[in-house]
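So the structure is just underneath, and the comments pick up after that.
The values are calculated or read from the model by the stated rules, or taken from the named source; none is laboratory data. Quantities reported herein were computed from a predicted structural model and do not represent experimental measurements. Methodologically, a virtual Cβ is constructed for each residue, glycine included, from the backbone with ideal geometry; neighbour enumeration extends over all protein chains shown. When the accessible area is computed, the model is the full protein with side chains, heavy atoms only, and any ligands, DNA or RNA have been set aside. Shrake-Rupley method; radii C 1.70, N 1.55, O 1.52, S 1.80 Å.
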Amino acid sequence: MAFNYKQASRILMGMLESKDHITAEHCRNVARLAVKLGKACGFKRKELHDLEFGALLHDVDKLKVPNELFEKLRNGSQLTKEDYEILIKHASLQGTIPFEDKMPRIAQDCQRLHHENFDGTGYPNGLKGDQIPLHVMVLQVADTYDAFTLELPIRKGQTKDQTLFTLRQLAGTILNPELVEKFIRIMTPETVEPS
């Protein structure tokens, strides 16, 4: 029997929504943006479906984060070294959902590897550059954009222009520079010269 993306998404997004509606909204935004960038990268229909599913569930690991730590994340409180260790341990699907073995590889990669950085400073594996799958790097650009524009109780979101500027600053460190430029072109309509 084929894996039912819609049913799986509904179940997990319902769980995420009940834990934190802001995270659920962020995941929906990221999925939409990742698909846009994936199309610009020439992803095929199946890859786009898997990318959308993976992007939608990229923060599903937050279901495993203890409520006290989740409150710290939501409120922008100072995290301890122990808090960071818990977060790094939770960057894995294992045990979060009962049907993880049926999830497409792209979706599993998006969830497990979206904290890897282009320059190798991320976690959990310290992957660098092309060691990070393209679909994960696409997700990272969309994730970073939405994280900066999202309105949170602790801070106001940046404008689109401010965030695109921030993405350029992160290109080559956290984010793939080519994908950043492609994303900026997508998000910035062409100026039509008057004839």
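Each of Ser18, Ala8, Leu48 was scored by the projection of its Cα onto the charge dipole of the stretch 1-51, and the greatest displacement toward the positive side belongs to Leu48; charges sit on the C-beta of Lys, Arg, Asp and Glu. Within the chain, the selection of entire DSSP H helices by a Cα span of 27 Å or greater along the long axis and an average Kyte-Doolittle value of at least -1.0 returns 21-40.
Assuming charge only on the beta carbon of Lys and Arg (+1) and of Asp and Glu (-1), the dipole of the chain about its Cα centre is about 420 debye to the nearest 20. The amide H of Leu152, built 1.01 Å from its N in the peptide plane, has Gly157 as neighbours under 5 Å, considering only residues 5 or more places off or on other chains.
Add +1 for every Lys or Arg and -1 for every Asp or Glu among the other residues with Cβ under 15 Å from the Cβ of Glu52, and state the total.
+4
The percentage of C-alpha pairs in the chain whose separation is greater than 30 Å is 18%. Within the accessible surface of the chain, defined with a 1.4 Å probe on protein heavy atoms only, the carbon and sulfur portion equals 54 percent. For Leu152, the solvent-accessible surface with a 1.4 Å probe is about 50 Å², rounded to the nearest 10. The H on the amide N of Leu175, modeled in the peptide plane, is under 5 Å from the matching H of Phe118, each at least 5 residues off or on a different chain. Beyond 23 Å in Cα-Cα separation lie the following of the pairs Lys6/Lys72; Lys160/Lys182; Lys81/Lys156; Lys6/Lys39; Lys62/Lys182; Lys46/Lys182: Lys6/Lys72; Lys81/Lys156; Lys62/Lys182. Basic side chains Lys and Arg get +1 at the Cβ, acidic Asp and Glu get -1 at the Cβ, and with that the dipole of the stretch 45-85 about its Cα centre reaches some 100 debye. Computed from point charges on the beta carbon alone (+1 for Lys and Arg, -1 for Asp and Glu), the dipole magnitude for the stretch 1-62 about its Cα centre is near 340 Debye. Per residue, the accessible area of the chain comes to 55 Å² when a 1.4 Å probe rolls over the protein heavy atoms. The sum of -39500 (n - 2.57) across all DSSP H runs of n ≥ 4, divided by the residue count of the chain, sets its helix-only mean residue ellipticity at 222 nm to -18000 deg cm²/dmol.
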